[in-house]
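*Asks:* Take this structure first; my questions come after.
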Amino acid sequence: MKLSVLSLFPGIMRGFFESSIMARAVQRGLVSYDLVDIRDFANNKHNKVDDELFGGGPGMLMMPGALSLALEASGAPGPRVVYVTPGGRLFNQAYARDLAKEENLVLLCGRYEGIDQRIIDKYVTDEVSIGDYVLSSGEVAALAIVDAIYRLIPGVITGESLDEESFEGGLLEYPQYTRPAVYDTLRVPEVLVSGHHANIEAWRYRKRLEKTLLYRPDLLSGKGLDDQLRQLVQEILDQRGEE
Ligand code: ADE
């Protein structure tokens, strides 16, 4: 996958692309990337990229000129162009899986009050928010999106660790333990050291359900529950009521 990230502060992102799992994916040719400084495309004397709003209002807006040149230098219109904005559709794991299929992906980071609507109309295919809060920097949101996407590209991370993590199968992840088996008097759950794989699997599934019911019941309400699952959910709720 080729990732182009357009920003006024590409330096914020460089460390991510040059470190750890991403650096390895780049080195192995699974990912290539281009960090584009939008200001390089401002063809005015002071490299000005923003201006006041027509109609009035607080703050400054990014002007269309430099943005459109930067986008076209990255191949737009054509590839999917994700504009990272708190005013977009909410990002989630399914969205990450969908974007991970693209050969070419352009991410556009806004600053100030955002970007001129004509750029959105002409080039942007997806307006995406990472959550119901406002960051000062679209770059941080773009990195979250890049991180969620690239690790789903085949070969970047082994399949097994992807299958069992939070959101896969619509549930949060089960609790995990490593050595020592007793830490400061706290013991690892007995079932995990029993060697009984079916019991371990059943325990983990129940824990995923318990955690999802506690923190994210909304994930379950969108799911078709079969009788067995419905019974397990009821059991957990009854148990919680007794505690
Ligand atoms: N820019 C600022 N806040 C954001 C958010 N929550 N999601 C995406 N981009 C943003």
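*Asks:* With +1 assigned to the C-beta of every Lys and Arg and -1 to the C-beta of every Asp and Glu, and no other charges, what is the dipole magnitude of the chain about the Cα centre in debye, to the nearest 20?
*Replies:* Value, rounded to 20: 480 debye.
*Asks:* Now a separate question. Which chymotrypsin sites (Phe, Trp or Tyr not before Pro) in segment 134-200 sit in a loop by DSSP (not H, G, I, E or B) and have at most 14 other Cβ atoms within 10 Å of their own Cβ?
*Replies:* Tyr177
*Asks:* While we're on this one: Give, in nm to one decimal, the length gained when the segment between Asp132 and Val193 is fully stretched (0.36 nm per residue of separation minus the Cα-Cα distance).
*Replies:* 17.9 nm
*Asks:* Say R0 is 22 Å: what FRET efficiency, to the nearest 0.05, do Asp226 and Arg206 get from their beta-carbon distance?
*Replies:* 0.90
*Asks:* Taking the full set of protein chains and a 1.4 angstrom probe, give the accessible area of Lys101 in square angstrom, rounded to the nearest 10.
*Replies:* 150
*Asks:* Mind checking the per residue accessible area of segment 83-226 for me, 1.4 Å probe, whole number of Å²?
*Replies:* Per residue, segment 83-226 has 59 Å² of solvent-accessible surface.
*Asks:* Which net charge results when you count Lys and Arg as +1 and Asp and Glu as -1 among the other residues whose beta-carbon is under 12 Å from that of Gly59?
*Replies:* -3
*Asks:* How large is the dipole of segment 1-126 about the Cα centre if only Lys and Arg carry +1 and Asp and Glu carry -1, each at its Cβ, rounded to the nearest 20 debye?
*Replies:* Computed about the Cα centre, the dipole is about 360 debye.
*Asks:* Full extension from Asp98 to Tyr215: what is 0.36 nm times the residue separation minus their Cα-Cα distance, to one decimal in nm?
*Replies:* Stretched fully, the Asp98-Tyr215 segment lengthens by 39.6 nm.
*Asks:* Related question: For the chain, compute the number of Lys pairs whose alpha carbons are separated by less than 24 Å, excluding pairs fewer than 8 positions apart on the same chain.
*Replies:* Eligible lysine pairs with Cα atoms under 24 Å apart amount to 6.
*Asks:* Taking the Cα centre of segment 188-240 as origin, sum charge times position over the Cβ atoms of Lys and Arg (+1) and Asp and Glu (-1), and report the length of that vector in debye to the nearest 20.
*Replies:* 220
*Asks:* Charges on Cβ only, +1 for Lys and Arg, -1 for Asp and Glu, centred on the Cα centroid of the chain; of Gly241, Ala25, Ala94, which one is farthest towards the dipole's positive end?
*Replies:* Result: Ala25, furthest along the dipole toward the positive end.
*Asks:* Roughly speaking, what is the centre-to-centre gap between segment 159-238 and segment 69-116 when only Cα atoms are used, to the nearest Å?
*Replies:* With segment 159-238 and segment 69-116 each reduced to a Cα centre, they are spaced 34 Å.
*Asks:* Two decimals is fine: what is log10 I(q)/I(0) at q = 0.08, 0.14, 0.15 Å⁻¹ for the chain, from a Debye sum with one equal scatterer on every Cα and no solvent?
*Replies:* Reported log10 I(q)/I(0), two decimals: -0.44, -0.98, -1.06.
*Asks:* Assuming R0 = 22 Å, can you tell me the calculated FRET efficiency for the pair Arg118 and Lys2, based on Cβ-Cβ distance, to the nearest 0.05?
*Replies:* About 0.30, to the nearest 0.05.
*Asks:* For segment 2-158, give the share of DSSP beta bridges that are antiparallel, in percent and rounded to the nearest 5; count only bridges with both residues there.
*Replies:* Close to 10 percent.
*Asks:* Give the angle, between 0 and 90 degrees and rounded to the nearest 10, that separates the Cα long axis of helix 138-150 from the longest principal axis of the Cα atoms of the chain.
*Replies:* The two axes meet at around 50 degrees.
*Asks:* How much length is gained on full extension from Glu235 to Tyr183, taking 0.36 nm per residue of separation minus their Cα-Cα distance?
*Replies:* Length gained, Glu235 through Tyr183: 15.7 nm.
*Asks:* Same structure again: Remind me, relative contact order of segment 168-239 in percent, using alpha carbon pairs under 8 angstrom and six or more residues apart?
*Replies:* 39
*Asks:* Looking at the chain as a GNM with Cα springs under 10 Å, which of Ser20, Ser166, Ser137 has the largest mean-square fluctuation?
*Replies:* Ser20
*Asks:* Further, regarding this structure: With a ≥ b ≥ c the root eigenvalues of the C-alpha gyration tensor of segment 146-243, is it rounded (a/c under 1.5), prolate (a/b larger than b/c) or oblate?
*Replies:* Here segment 146-243 falls in the oblate category.
*Asks:* Moving to a separate point now. For helix 197-215, report the angle its Cα long axis makes with the longest principal axis of the Cα atoms of the chain; keep it between 0 and 90° and round to the nearest 10°.
*Replies:* The angle comes out near 50 degrees.
*Asks:* Quote the relative contact order of the chain in percent (integer), defining contacts as alpha-carbon pairs under 8 Å separated by 6+ residues.
*Replies:* This gives 18 percent for the chain.
The values are calculated or read from the model by the stated rules, or taken from the named source; none is laboratory data. Keep in mind that what you see is a predicted model, and the values were worked out from it rather than measured. A quick note on method: Cβ atoms are made from the backbone with ideal geometry, for glycine too, and the neighbour counts reach across all protein chains shown. Protein only, heavy atoms only, side chains kept; ligands, DNA and RNA dropped before computing areas. Shrake-Rupley method; radii C 1.70, N 1.55, O 1.52, S 1.80 Å.
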